[in-house]
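The values are calculated or read from the model by the stated rules, or taken from the named source; none is laboratory data. Since we're looking at a predicted model, the values are computed, not measured. Accessible surface is based on the protein model in full, side chains and every heavy atom, while ligands, DNA and RNA are left aside. Shrake-Rupley method; radii C 1.70, N 1.55, O 1.52, S 1.80 Å.
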Amino acid sequence: MIYLKSYVGEFVGEFVGTLILVLFGCGSVAVTVLFSALTGLFQVAMVWGIAVMLAIYATRKLSCAHLNPAVSIAMVICRRMPATKLPCYLIAQFAGAFVAAVLVYLLFSSSIIEYESLHGIIRGTESSVTSGMIFGEYYPNPLAGKNALVSTGNAFFAEIIGTFVLVFMILALTDGCNVGRPDQTMAPFFIGLTLTAIISIIAPLTQSGLNPARDLSPRLLAMLCGWKDAAFPDHHYGFISVYIAGPVMGGILAALFFTGIIEPLLKSAEGKGEHR
(Lines give C-alpha, C1' and ligand atoms only; values in the text may rest on other atoms or scores of the structure.)
Protein backbone atom coordinates (compact mmCIF):
# COMPACT_ATOMS: atom_id res chain seq x y z
CA MET A 1 0.00 0.00 0.00
CA ILE A 2 2.82 2.42 0.85
CA TYR A 3 4.49 1.51 -2.45
CA LEU A 4 1.24 2.32 -4.33
CA LYS A 5 0.85 5.64 -2.50
CA SER A 6 4.39 6.55 -3.51
CA TYR A 7 3.55 5.90 -7.17
CA VAL A 8 0.34 7.94 -6.92
CA GLY A 9 2.22 10.84 -5.36
CA GLU A 10 4.93 10.73 -7.99
CA PHE A 11 2.38 10.50 -10.81
CA VAL A 12 0.49 13.51 -9.47
CA GLY A 13 3.73 15.45 -9.00
CA GLU A 14 4.92 14.86 -12.56
CA PHE A 15 1.44 15.44 -13.99
CA VAL A 16 0.89 18.74 -12.20
CA GLY A 17 4.45 19.94 -12.68
CA THR A 18 4.43 19.27 -16.42
CA LEU A 19 0.99 20.85 -16.69
CA ILE A 20 2.28 24.04 -15.06
CA LEU A 21 5.35 24.09 -17.29
CA VAL A 22 3.44 23.64 -20.55
CA LEU A 23 0.52 25.89 -19.57
CA PHE A 24 2.79 28.85 -18.83
CA GLY A 25 5.22 28.05 -21.64
CA CYS A 26 2.75 27.49 -24.47
CA GLY A 27 0.68 30.33 -23.06
CA SER A 28 3.65 32.65 -23.51
CA VAL A 29 3.94 31.58 -27.16
CA ALA A 30 0.19 32.09 -27.63
CA VAL A 31 0.15 35.68 -26.35
CA THR A 32 3.23 36.45 -28.44
CA VAL A 33 1.74 35.12 -31.68
CA LEU A 34 -1.79 36.43 -31.13
CA PHE A 35 -1.29 39.74 -29.33
CA SER A 36 2.45 40.54 -29.50
CA ALA A 37 2.12 40.79 -25.72
CA LEU A 38 5.70 39.61 -25.28
CA THR A 39 8.28 41.34 -27.46
CA GLY A 40 11.47 39.54 -28.29
CA LEU A 41 12.67 36.01 -27.79
CA PHE A 42 14.21 36.68 -24.39
CA GLN A 43 10.85 37.53 -22.81
CA VAL A 44 9.36 34.24 -24.00
CA ALA A 45 12.47 32.40 -22.80
CA MET A 46 12.13 34.05 -19.40
CA VAL A 47 8.53 32.86 -19.05
CA TRP A 48 9.62 29.29 -19.86
CA GLY A 49 12.42 29.58 -17.30
CA ILE A 50 10.07 30.92 -14.64
CA ALA A 51 7.55 28.19 -15.51
CA VAL A 52 10.04 25.36 -14.95
CA MET A 53 11.27 26.99 -11.74
CA LEU A 54 7.75 27.31 -10.32
CA ALA A 55 6.80 23.80 -11.46
CA ILE A 56 9.79 22.30 -9.65
CA TYR A 57 9.12 24.26 -6.46
CA ALA A 58 5.45 23.24 -6.55
CA THR A 59 5.92 19.51 -7.05
CA ARG A 60 9.36 18.28 -6.00
CA LYS A 61 8.03 17.12 -2.63
CA LEU A 62 5.73 14.71 -4.48
CA SER A 63 8.10 13.56 -7.22
CA CYS A 64 11.61 14.30 -8.41
CA ALA A 65 10.13 17.06 -10.60
CA HIS A 66 11.72 15.85 -13.82
CA LEU A 67 8.85 17.21 -15.96
CA ASN A 68 10.62 15.89 -19.03
CA PRO A 69 11.03 12.34 -20.40
CA ALA A 70 14.62 13.12 -21.43
CA VAL A 71 15.43 14.05 -17.83
CA SER A 72 13.72 10.95 -16.42
CA ILE A 73 15.61 8.65 -18.80
CA ALA A 74 18.87 10.38 -17.88
CA MET A 75 18.14 9.90 -14.18
CA VAL A 76 17.62 6.18 -14.73
CA ILE A 77 20.98 5.98 -16.50
CA CYS A 78 22.61 7.88 -13.64
CA ARG A 79 20.94 5.48 -11.19
CA ARG A 80 19.22 8.31 -9.41
CA MET A 81 15.87 6.68 -10.14
CA PRO A 82 14.95 2.99 -10.59
CA ALA A 83 13.83 2.01 -14.08
CA THR A 84 10.62 0.59 -12.64
CA LYS A 85 9.39 4.14 -12.01
CA LEU A 86 10.03 5.32 -15.55
CA PRO A 87 6.63 4.33 -17.05
CA CYS A 88 4.82 6.19 -14.25
CA TYR A 89 6.87 9.34 -14.87
CA LEU A 90 6.52 9.22 -18.66
CA ILE A 91 2.75 8.69 -18.64
CA ALA A 92 2.28 11.51 -16.13
CA GLN A 93 4.45 13.90 -18.14
CA PHE A 94 2.71 13.26 -21.47
CA ALA A 95 -0.72 13.43 -19.82
CA GLY A 96 0.09 16.66 -17.99
CA ALA A 97 1.36 18.27 -21.18
CA PHE A 98 -1.76 17.24 -23.08
CA VAL A 99 -4.13 18.65 -20.46
CA ALA A 100 -2.11 21.88 -20.43
CA ALA A 101 -2.44 22.12 -24.22
CA VAL A 102 -6.20 21.64 -23.91
CA LEU A 103 -6.35 24.49 -21.39
CA VAL A 104 -4.30 26.77 -23.65
CA TYR A 105 -6.61 25.97 -26.57
CA LEU A 106 -9.74 26.66 -24.50
CA LEU A 107 -8.27 29.97 -23.31
CA PHE A 108 -7.27 31.23 -26.73
CA SER A 109 -9.48 29.37 -29.23
CA SER A 110 -11.57 32.42 -30.12
CA SER A 111 -8.45 34.57 -30.47
CA ILE A 112 -6.80 31.95 -32.66
CA ILE A 113 -9.84 31.86 -34.96
CA GLU A 114 -9.80 35.66 -35.20
CA TYR A 115 -6.05 35.68 -35.87
CA GLU A 116 -6.44 33.12 -38.65
CA SER A 117 -9.34 35.08 -40.16
CA LEU A 118 -7.45 38.40 -40.15
CA HIS A 119 -4.38 36.82 -41.76
CA GLY A 120 -6.27 34.71 -44.29
CA ILE A 121 -5.05 31.46 -42.73
CA ILE A 122 -6.95 28.26 -43.43
CA ARG A 123 -6.34 25.85 -40.59
CA GLY A 124 -4.78 22.62 -41.78
CA THR A 125 -2.91 24.21 -44.67
CA GLU A 126 0.80 24.91 -44.71
CA SER A 127 0.24 28.56 -43.82
CA SER A 128 -1.39 27.57 -40.52
CA VAL A 129 1.97 26.73 -38.96
CA THR A 130 2.01 30.34 -37.75
CA SER A 131 -0.91 29.54 -35.45
CA GLY A 132 -0.02 25.88 -34.95
CA MET A 133 3.34 26.92 -33.46
CA ILE A 134 1.44 27.85 -30.31
CA PHE A 135 1.29 24.13 -29.59
CA GLY A 136 3.90 22.08 -31.43
CA GLU A 137 7.33 23.28 -32.53
CA TYR A 138 8.62 23.80 -36.06
CA TYR A 139 11.99 24.12 -37.68
CA PRO A 140 12.96 26.67 -38.65
CA ASN A 141 11.04 28.82 -36.20
CA PRO A 142 8.15 30.39 -38.21
CA LEU A 143 8.91 33.74 -36.57
CA ALA A 144 12.61 33.63 -37.43
CA GLY A 145 12.12 35.16 -40.88
CA LYS A 146 13.59 34.27 -44.25
CA ASN A 147 17.16 34.22 -42.97
CA ALA A 148 16.55 30.96 -41.09
CA LEU A 149 17.59 27.88 -43.04
CA VAL A 150 17.41 24.80 -40.84
CA SER A 151 17.67 21.25 -42.15
CA THR A 152 16.38 18.21 -40.27
CA GLY A 153 19.97 17.31 -39.39
CA ASN A 154 20.69 20.82 -38.14
CA ALA A 155 17.52 20.83 -36.05
CA PHE A 156 18.29 17.36 -34.66
CA PHE A 157 21.78 18.50 -33.63
CA ALA A 158 20.39 21.68 -32.04
CA GLU A 159 17.95 19.70 -29.90
CA ILE A 160 20.69 17.29 -28.83
CA ILE A 161 22.98 20.14 -27.79
CA GLY A 162 20.24 22.06 -26.00
CA THR A 163 19.01 19.05 -24.04
CA PHE A 164 22.57 17.93 -23.29
CA VAL A 165 23.31 21.28 -21.64
CA LEU A 166 20.00 21.29 -19.75
CA VAL A 167 20.40 17.77 -18.34
CA PHE A 168 24.08 18.28 -17.58
CA MET A 169 23.29 21.41 -15.58
CA ILE A 170 20.47 19.65 -13.71
CA LEU A 171 22.88 16.87 -12.75
CA ALA A 172 25.61 19.32 -11.76
CA LEU A 173 23.27 21.53 -9.74
CA THR A 174 21.89 18.58 -7.75
CA ASP A 175 24.96 16.36 -7.30
CA GLY A 176 26.02 15.98 -3.68
CA CYS A 177 29.71 15.84 -4.57
CA ASN A 178 29.63 19.19 -6.31
CA VAL A 179 30.51 21.61 -3.54
CA GLY A 180 30.12 24.49 -5.98
CA ARG A 181 26.40 23.85 -6.40
CA PRO A 182 23.89 26.28 -4.89
CA ASP A 183 21.77 25.43 -1.87
CA GLN A 184 19.06 22.93 -2.78
CA THR A 185 16.40 25.57 -2.25
CA MET A 186 17.99 27.62 -5.04
CA ALA A 187 18.57 24.80 -7.53
CA PRO A 188 15.18 25.27 -9.30
CA PHE A 189 16.01 28.95 -9.81
CA PHE A 190 19.27 28.12 -11.57
CA ILE A 191 17.64 25.34 -13.59
CA GLY A 192 15.12 27.92 -14.77
CA LEU A 193 17.93 30.31 -15.72
CA THR A 194 19.63 27.49 -17.62
CA LEU A 195 16.47 26.84 -19.62
CA THR A 196 16.10 30.55 -20.35
CA ALA A 197 19.64 30.75 -21.70
CA ILE A 198 19.24 27.65 -23.86
CA ILE A 199 15.95 28.81 -25.36
CA SER A 200 17.48 32.20 -26.14
CA ILE A 201 20.05 30.45 -28.36
CA ILE A 202 18.23 27.40 -29.77
CA ALA A 203 14.70 28.78 -30.28
CA PRO A 204 15.44 30.68 -33.53
CA LEU A 205 16.32 27.30 -35.04
CA THR A 206 13.76 24.86 -33.63
CA GLN A 207 11.63 26.79 -31.13
CA SER A 208 13.73 24.89 -28.58
CA GLY A 209 11.73 21.79 -27.72
CA LEU A 210 14.14 19.97 -25.35
CA ASN A 211 11.23 17.93 -24.01
CA PRO A 212 9.35 15.16 -25.89
CA ALA A 213 6.25 15.53 -23.69
CA ARG A 214 6.11 19.29 -24.17
CA ASP A 215 6.25 18.81 -27.94
CA LEU A 216 4.30 15.65 -28.76
CA SER A 217 1.26 16.11 -26.52
CA PRO A 218 0.42 19.69 -27.64
CA ARG A 219 1.19 18.70 -31.24
CA LEU A 220 -1.37 15.87 -31.04
CA LEU A 221 -3.91 18.29 -29.59
CA ALA A 222 -3.31 20.65 -32.51
CA MET A 223 -3.78 17.79 -34.97
CA LEU A 224 -7.12 16.91 -33.35
CA CYS A 225 -8.25 20.56 -33.35
CA GLY A 226 -8.03 21.08 -37.09
CA TRP A 227 -4.37 21.61 -37.93
CA LYS A 228 -4.18 18.00 -39.17
CA ASP A 229 -0.98 17.41 -41.17
CA ALA A 230 0.07 21.03 -40.60
CA ALA A 231 0.65 20.10 -36.97
CA PHE A 232 3.81 18.32 -38.14
CA PRO A 233 6.90 20.19 -39.40
CA ASP A 234 7.51 18.13 -42.54
CA HIS A 235 6.16 15.28 -44.60
CA HIS A 236 8.58 12.61 -43.44
CA TYR A 237 7.89 12.91 -39.70
CA GLY A 238 11.13 14.70 -38.94
CA PHE A 239 9.56 15.82 -35.67
CA ILE A 240 10.16 12.30 -34.33
CA SER A 241 13.91 12.58 -34.85
CA VAL A 242 14.16 16.27 -33.97
CA TYR A 243 11.79 16.70 -31.03
CA ILE A 244 11.65 13.20 -29.57
CA ALA A 245 14.85 11.35 -30.45
CA GLY A 246 16.98 14.52 -30.27
CA PRO A 247 16.15 15.44 -26.66
CA VAL A 248 16.29 11.80 -25.52
CA MET A 249 19.73 11.36 -27.09
CA GLY A 250 20.92 14.65 -25.62
CA GLY A 251 19.79 13.55 -22.16
CA ILE A 252 21.44 10.13 -22.51
CA LEU A 253 24.73 11.68 -23.66
CA ALA A 254 24.66 14.14 -20.77
CA ALA A 255 24.03 11.31 -18.28
CA LEU A 256 26.88 9.21 -19.69
CA PHE A 257 29.24 12.19 -19.75
CA PHE A 258 28.40 13.21 -16.20
CA THR A 259 28.56 9.72 -14.67
CA GLY A 260 31.57 8.63 -16.70
CA ILE A 261 33.77 11.71 -16.43
CA ILE A 262 32.47 14.53 -14.24
CA GLU A 263 31.14 12.57 -11.27
CA PRO A 264 34.35 10.54 -10.76
CA LEU A 265 36.37 13.76 -10.88
CA LEU A 266 34.06 15.39 -8.33
CA LYS A 267 34.37 12.39 -6.01
CA SER A 268 38.14 12.38 -6.42
CA ALA A 269 38.34 16.07 -5.59
CA GLU A 270 36.07 15.56 -2.59
CA GLY A 271 38.23 12.69 -1.32
CA LYS A 272 41.35 14.83 -1.59
CA GLY A 273 39.64 17.69 0.22
CA GLU A 274 40.04 20.02 -2.73
CA HIS A 275 37.28 22.41 -1.70
CA ARG A 276 37.27 26.03 -2.71
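At a glance:
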read-out	value
Acute angle (nearest 10 degrees) that the helix 86-118 long axis makes with the longest principal axis of the chain, alpha-carbon atoms	30 degrees
Segment 95-187 shape via C-alpha gyration tensor axes, a/c threshold 1.5	oblate
Segment 1-274 - percent relative contact order, Cα under 8 Å, separation 6 or more	27 percent
Most mobile listed residue (GLY136, GLY238, GLY250) in the chain, GNM with C-alpha springs under 10 Å	GLY238
Where SER131, SER117 fall by accessible area, highest first, once all protein chains stay in place (1.4 Å)	SER117, SER131
Share of carbon and sulfur in the accessible heavy-atom surface of segment 1-274 [1.4 Å probe, %]	70 percent
Surface accessible to a 1.4 Å probe, per residue, for the residues of segment 112-252, Å²	43 Å²
Crossing angle, helix 152-174 versus the chain [Cα axis fit, 0-90 degrees, rounded to tens]	40 degrees
Helix 187-206 axis, angle to the chain major axis (alpha carbon atoms, nearest 10°)	40 degrees
Accessible area (Å², 1.4 Å probe, nearest 10) - THR174	60 Å²
For segment 9-72 versus segment 193-225, the gap between their alpha-carbon centres in whole angstrom	11 Å
